[in-house]
1. Per the helix-only calculation at 222 nm, which mean residue ellipticity applies to the chain, given -39500 (n - 2.57) for every DSSP H run of n ≥ 4 and division by its residues, nearest 500 deg cm²/dmol?
2. For the range 86-182, max minus min Cα coordinate along each principal axis, in Å, sorted largest first?
3. Measure off 7 Å from each Cα along the Cα-to-Cβ vector at residue 199 and residue 365, then give the distance between these two points in nanometres to one decimal.
4. Is the shape of the range 2-201 rounded, prolate or oblate, going by the alpha carbon gyration tensor and its root eigenvalues a ≥ b ≥ c, with a/c under 1.5 for rounded and a/b larger than b/c for prolate?
5. Could you sort 151-157, 129-135 so that the peptide with the highest average Cβ count within 10 Å comes first and the rest follow in order?
6. So what's the gap between the Cα centers of the range 125-156 and the range 221-276, to the nearest angstrom?
7. How many angstrom separate the Cα center of the range 298-323 from the Cα center of the range 46-95?
8. Provide 123, 294, 166 in ascending order of the number of other Cβ atoms located within 10 Å of each residue's Cβ, fewest first.
């Protein structure tokens with residue numbers, strides 16, 4: 001399979017062209033023939049104009065790329081090596097939602113042929129590929145995995161907004177349903193990933209490796225959030241504490257903050273789900289999720305208490321929230337915990353205005369029912385800088401004061417203005 005792909009005799013298909021699928025599709029397309037399959041028509045139109053809907057890649061990324069963007073099953077059928085890179089969210093009860101994954105698998109199953117390969121990149125719980133995806137492919141095709149087709153798993157390692165750690169310079173984990181599959185899949189990925197690949201012994205190891213990358217970060221951030229709450233009650237600043245502790249060589253530096261997005265705020269729930277199925281109750285992982293999921297409400301309550309203690313009226317006061325994406329310098333609003341701050345403030349009768357030049361206003365309305373404002377207007381009792389976009393880091397106190405009522409409040413979630421605010425009421429985690 002690898003030789004045929006390398007010689008451009010066989011096409012690779014990427015199913016799902018979001019943050020994960022598009023960079024991989026374009027990287028492959030520099031070295032081989034690629035089909036980019038996408039069912040979202042608006043996204044498809046942008047891709048055909050060499051535009052990244054996620055605004056992560058510039059037009060130059062599409063140059064010299066041997067790729068066809070399509071939603072046609074007939075064109076998809078031309079591929080022999082399929083990579084599935086669709087979202088794997090959780091539902092409102094924080095249970096794994098495999099709908100997009102199984103839908104994509106169903107699509108691949110309609111065109112799968114003897115000798116084909118299917119590699120999954122979507123984040124799943126250990127065992128999901130073999131327990132859910134492979135049986136579906138076998139039912140749809142009448143083929144047998146390992147005999148008629150091969151399967152692999154290679155967890156995505158895309159970090160939106162990160163221009164330093166990219167697809168090509170980050171080691172890629174690969175796995176296969178047998179030794180032959182592993183070697184072919186590894187060689188194919190080596191075409192696109194300059195840093196090389198790590199060959200995992202089986203699919204479950206590769207699946208769990210992805211899960212624990214983000215679960216580890218989730219638990220560590222939860223610890224810092226909890227320590228931040230304790231520091232507040234001690235009337236000291238957690239960032240001062242972190243700077244002091246970081247002078248020791250073996251201190252691992254994590255910072256408190258909101259944990260949203262499609263990875264850290266979601267992946268641990270997949271592991272929790274599988275752990276429960278194995279009759280184990282993962283207490284540390286669950287505790288970390290609880291702390292991080294409640295931080296938005298905690299931040300809003302903290303601000304309301306400060307406003308009340310100043311003698312001001314909370315009901316009908318105006319508050320500006322700057323930033324609604326799940327992290328800095330990206331357009332992704334999935335699972336944004338800034339929304340928890342907004343909703344909690346509204347529950348107190350506060351008039352909240354939200355702005356974010358990165359976010360798509362229509363997406364924000366559709367997903368959260370929040371109408372973004374293009375720019376600040378009038379005076380605000382408080383300003384919440386919820387996301388550390390680069391554009392916000394250079395704002396000085398004079399500008400923030402110009403938006404505020406007399407001695408207004410500034411709640412700096414990420415601590416980007418620490419030691420820079422002297423006249424306003426300053427709050428941070």
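1. For the chain, the value works out to -11000 deg cm²/dmol.
2. Largest to smallest, the principal-axis extents are 43, 36, 22 Å.
3. 5.4
4. rounded
5. Most protected by this proxy first, the peptides run 151-157, 129-135.
6. 37
7. Here the answer is 42 Å between Cα centres.
8. Ranked by crowding around the Cβ, least crowded first: 294, 166, 123.
Readers should treat all values here as calculations from the given coordinates under stated rules, not as data from a laboratory. Here the structure is a predicted model, which means the values were calculated and not measured. In this analysis, Cβ positions are derived from the backbone assuming ideal geometry, glycine residues included, and neighbour counts consider all displayed protein chains.
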